[in-house]
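For reference, the structure is listed below as structure tokens.
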Amino acid sequence: MSRNAEEGFQLYEELFNLGIDLVFLKEQHINTDTYKKALENNVQLTGTNVGFILEGINKYLLSLAKEQIKIAFEQSEEEVLDLHQRTSEGIKTAKLNGKQIGRIKGNKYTTKKEIILKTARILMTRILIQRLSK
């Protein structure tokens, strides 16, 4: 969804405020439906002094939902960084072991598809020349 956790959370809030439902297959606890429920399931205020405590609890629950979303995005960012690190380490190890990484400069590679198309083009040209020469 984004390159880093902060950007991801900002985009999440933007889309949420636009009324777009986000569904995460592997982390369902941060779906927008869950966030909406956290906003809607406020403890009802009583109108007494206890209402101040309940208002604090409501703010806490909303803050907790936001924090869980941020944590999920931070974990995702960390996984991406770890994957980049492992990939670069694997490439370095392979190079140190003498493995060729990528194509060799200057070499031309032919694919099966290229050979088939080239053969078909030659055959079609011959057929066309034969028909024109009749």
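Read-outs throughout are calculated quantities, based only on the coordinates presented, and are distinct from any laboratory measurement. Just so you know, these numbers come straight off a predicted model, no measurement behind them.
Annotations
- Sequence-ordered 3J(HN,Hα) estimates for segment 13-28 from the Karplus curve with 6.51, -1.76 and 1.60 and θ = phi - 60° stand at 5, 4, 5, 4, 5, 7, x, 8, 7, 9, 10, 10, 5, 9, 10, 5 Hz, glycine and proline given as x.
- Here segment 11-75 is treated as an ellipsoid with the same Cα gyration tensor; its semi-axes, largest first and in whole Å, are 26, 12, 9.
- Fraction of alpha-carbon pairs over 22 Å apart in the chain - percent: 66 percent
- Our summary gives the chain a relative contact order of 22 percent, counting only alpha carbon pairs under 8 angstrom and 6 or more residues apart.
- For segment 83-92, 3J(HN,Hα) computed residue by residue from phi via the Karplus equation (6.51, -1.76, 1.60; θ = phi - 60°) reads 5, 4, 4, 5, 5, 5, 5, x, 5, 4 Hz, glycine and proline entered as x.
- Per-residue extension of 0.36 nm, minus the Cα-Cα distance of residue 78 and residue 31, leaves a gain of 14.9 nm for this segment.
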